[in-house]
Amino acid sequence: MLHSGNRLDIPPVTQAVVAGALVVAALNGIAGLLGAWVWYRGEPGAGAAGAFWVLLRVGQGSALTLAIAVGSLAAAGKHPRESLFYLYALLPLAVAFVAEQLRVTSAQTILDQHGLQDAQAVGTLPEPEQQTLVASVLRREMGVMALSALVVVFLALRAAGTAHGF
């Protein structure tokens, strides 16, 4: 009920899409904040790091589920009034893809910084140096993925804000 006494009728499909986008934002927000905290603390091998990776994958799965739902609605002829919604709803998939590519290159970047050819060369280092190097790789990967999850939060919130008229 609005202050004017009028009812605000929002179609059920729009409500579902907004709810889905908010779930995507919440799941990715939790993963992103946890990842940022673990990254900041510099303990990528701690127990919270394992929880981060699980939450990150759940968040990515939720973004994929939203994209499939939006695609299904579009195929069924239900479109939002604002076409910008599609950008915000589908861009998280591209963000996740690019982040995964950056994550893959993280290890090689760290190896290059230490003058090592490949992962086998790490095995020739003393144990403490190996652990330090692996922690650096994990920390960089976690930072990239946490940042990508936070970008997805922004995009999902924008998707929720532009999901009207279904």
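For the stretch 38-61, which positions are surrounded by fewer than 17 Cβ atoms within 10 Å (Cβ to Cβ), over 15 Å from the mean Cα position of the chain (by Cα) and in a helix (DSSP H, G or I)?
Tyr40, Arg41, Gly47, Ala48, Gly50
Can you name the condition, by its number, that Ala69 falls short on among (1) in contact (Cβ under 8 Å) with a residue 12 or more places away in the chain; (2) part of a helix (DSSP H, G or I); (3) more than 23 Å from Val151 (Cβ to Cβ)?
(3)
Out of everything in the stretch 105-127 that is in contact (Cβ under 8 Å) with a residue 12 or more places away in the chain and of a type in the set (S, T, N, Q), what residue ends up being surrounded by the fewest Cβ atoms within 10 Å (Cβ to Cβ)?
Out of the qualifying residues, it is Thr109.
Picking from Val153, Val134, Val144, which residue would you name as being modelled with pLDDT under 90, part of a helix (DSSP H, G or I) and touching a helix residue (DSSP H, G or I) at 6+ places or on another chain (Cβ under 8 Å)?
Val134
Which is out of contact with any His (no Cβ under 8 Å at 6 or more places or on another chain) and buried (at least 16 other Cβ atoms within 10 Å of the Cβ), of Leu73, Leu27, Leu64, Leu84?
Criteria check complete, one pass: Leu27.
The values are calculated or read from the model by the stated rules, or taken from the named source; none is laboratory data. Note that this is a predicted model, so its numbers are computed, not measured. All Cβ positions, glycine included, derive from the backbone under ideal geometry; neighbour counts span all protein chains shown.
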